[in-house]
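Below is one structure, written out as structure tokens; the observations come after it.
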Protein chains: 2
Amino acid sequence: MREVTLAARPRGAPQDGDFELREAGGAEPGDGELLVRNVFVSVDPYMRGRMTGVRTYVPPYEVGDVVTGGAVGRVARSRDARFAEGDWVLTMLGWREGGVVRADRARRLDPDAAPPSTALGVLGMPGLTAWVGLLDIGRIEAGETIYVSGAAGAVGSAAAQIARLKGLRVIGSAGSSDKVEWLRSLGIEAFDYRETEAKQALADGIDVYFDNVGGAQLEAALAAIRPYGRVIACGAISRYNDERPEPGPRNLFLMVTKRLRLQGFIVSDHDDRYPDFVAEVAPWVRDGSLRYRETIVDGIENVPAAFVGLFHGDNVGKMLVRVGID
Amino acid sequence: MREVTLAARPRGAPQDGDFELREAGGAEPGDGELLVRNVFVSVDPYMRGRMTGVRTYVPPYEVGDVVTGGAVGRVARSRDARFAEGDWVLTMLGWREGGVVRADRARRLDPDAAPPSTALGVLGMPGLTAWVGLLDIGRIEAGETIYVSGAAGAVGSAAAQIARLKGLRVIGSAGSSDKVEWLRSLGIEAFDYRETEAKQALADGIDVYFDNVGGAQLEAALAAIRPYGRVIACGAISRYNDERPEPGPRNLFLMVTKRLRLQGFIVSDHDDRYPDFVAEVAPWVRDGSLRYRETIVDGIENVPAAFVGLFHGDNVGKMLVRVGID
């Protein structure tokens, strides 16, 4: 089984050469462990931060180590009574074709309830991020107007639709006409940020801003936001590859005059909200009122390219790499 | 009686020539009105924002109008049964030697409870700003470390001391050795920001930042703040005179990784907290556990110079202009 390691810390935008594909030793599961063959591995923007070598909320990846993260696969051999061969599981095995995990670190998935890949997307970390951000951080209310940047991404497309289902007017930005079209079909007032200035798109004013992007979108949102507005600071994909920190928004002082609340959060602090999240969101996914898309790249050898592609907006919805067959 | 009007909208730092001293007509109080002779008039940094002509949370001052704001004086003639000649009152008459006000817009002051000038400072708007900011916005807790910038100002010196009385470790910045010495005598770990980089002074880390200053101090505070920290965005005196907006902090993305909450507020939204504020803070002022200073300039003709001086740090504690005798 093969795996992808961090070969060098990226400088600026990550490149294929920052990663290395290698053969892994064939580990055998011990007591209480599982051998899992991955089917889908996840590439996520937050991983860029872990590649820099700076400790933030999670330890950095070390050069030479496998890039760990979410993965969905099937149990190939079980040494734990709770799992049987063939079970679908979510693990943090990351960028490898498979490997050994402790059974208590694996979450069993019901493939009849939802496609297992959704455990990496709309019903997994990105979906929980959207839901927690809106409800617990932004405290959205029906009738409000929200702006979601990066609205065609894994988190953004969930956030935009959950907000709509909660009775908000939703404006969303994306970076291609295809993405914009998809978002419009979902009832989102979408615009292409490469063609339309956010300032124009937000001219009616907003109450809440769900920030996946940072930079110019944040500045435009601060300008457009109404008094007592909230900024849900989820990410800043436009900035993750900056080699040196760029200046922040020129209008941050509006925070005082408009009495704004800007709040950052990390989804892993909110794992206890997972059951409530699934209880509310899974039915929406099942009945089609919340739609999701996946951009699926094939082959473990293409994991680095898929990851790099996140920063070029190559994905619509959740970016996944299929590394095995189900 | 004389009064000071806005003669021109300041460009950049305000100058004496932006204001005009003129004779006012001798108005007579009607039914339910008072004629008040001011003793102290207040100059406050927030007034700079009202001079720009942009509507923020209060309407802008118009060119040719008297600059209104807090003032303390004595009733010279009363046409309202609740007030007697000689009573001390707080009004919003602003930069004039006196004038007519509706009685229900005047607050009577008890000169035996506290010196009337404190109604413009430690027991007035600046003190309430400090207290509301710390308790309701920052939700400070004993044992935390707070950094207060502009700690020798009217708001800052109240905030620093209230935080200390609430059991916090308090670091404060100021712009002269005299101010630093005063703050140290109050139990504040004070530093002169012109001589010591905030980065150094905050090297141990902080939990809360009470921002009166903006700019470089905000950037340093974001770097030093611990996870789950809060920024109480009260003001940004370093930026009020910018002719064009300057970039914000280069490290604002730390908001996400550190899960920070940055929240702006305007004290006038919190007037309902005034009784609780006075109940807690007035005893501290009386028994000397909370100290205050006033920088008093004499003569209505010197109001513009006193106001301009705020932006040069001419004040220790509350800046007042004495325009009459008590």
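Confirm whether residue B:83 is in a strand (DSSP E or B) and more than 14 Å from chain A (Cβ to nearest Cβ).
No: the conditions fail for residue B:83.
The combined condition, being within 29 Å of residue B:139 (Cα to Cα), assigned by TED's automatic domain parsing to the domain that holds residue A:133 and out of contact with any helix residue (DSSP H, G or I) (no Cβ under 7 Å at 6 or more places or on another chain), is fulfilled by residue A:225. Just checking, does the range B:148-156 include any residue being part of a helix (DSSP H, G or I), closer than 29 Å to residue B:195 by Cβ and among the hydrophobic types (A, V, I, L, M, F, W, C)? Yes. Which condition from (1) over 16 Å from residue B:260 (Cβ atoms); (2) surrounded by fewer than 18 Cβ atoms within 10 Å (Cβ to Cβ); (3) within 14 Å of another protein chain (Cβ to nearest Cβ) is the one that residue A:269 breaks? All conditions are met except number (1). Against the list (1) out of contact with any strand residue (DSSP E or B) (no Cβ under 9 Å at 6 or more places or on another chain); (2) over 24 Å from residue B:136 (Cα atoms); (3) in contact (Cβ under 8 Å) with a residue 12 or more places away in the chain; (4) not basic (Lys, Arg), the condition residue B:204 fails is (1). Restricting the search to the range A:54-80, which residues are crowded, with 21+ Cβ neighbours inside 10 Å and outside any strand (DSSP E or B)? Listed by number, the residues that qualify are A:61, A:67, A:70.
The criterion of being within 15 Å of the chain's Cα centre (by Cα), farther than 18 Å from residue A:265 by Cα and modelled with pLDDT of 95 or more holds for residue A:152.
Exactly one residue among B:51, B:92 is surrounded by 19 or more Cβ atoms within 10 Å (Cβ to Cβ) and of a type in the set (A, V, I, L, M), and that residue is B:51.
Per-residue answers, yes or no, for (1) buried (at least 21 other Cβ atoms within 10 Å of the Cβ); (2) among the hydrophobic types (A, V, I, L, M, F, W, C); (3) more than 14 Å from chain A (Cβ to nearest Cβ); (4) touching a strand residue (DSSP E or B) at 6+ places or on another chain (Cβ under 6 Å):
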site: B:155; (1), (2), (3), (4): yes, yes, no, no
site: B:160; (1), (2), (3), (4): yes, yes, yes, yes
site: B:166; (1), (2), (3), (4): no, no, yes, no
site: B:179; (1), (2), (3), (4): yes, no, yes, no
site: B:187; (1), (2), (3), (4): no, no, yes, no
site: B:196; (1), (2), (3), (4): no, no, yes, no
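Note on the range B:213-252: among residues that are of a type in the set (D, E, K, R), within 7 Å of chain A (Cβ to nearest Cβ) and touching an Asp or Glu at 6+ places or on another chain (Cβ under 8 Å), the one that is surrounded by the fewest Cβ atoms within 10 Å (Cβ to Cβ) is B:250.
The values are calculated or read from the model by the stated rules, or taken from the named source; none is laboratory data. What you see is a predicted model; the values in this text were computed from it and never measured. Here Cβ is always computed from backbone atoms with ideal geometry, including for glycine, and neighbour counts include all displayed protein chains.
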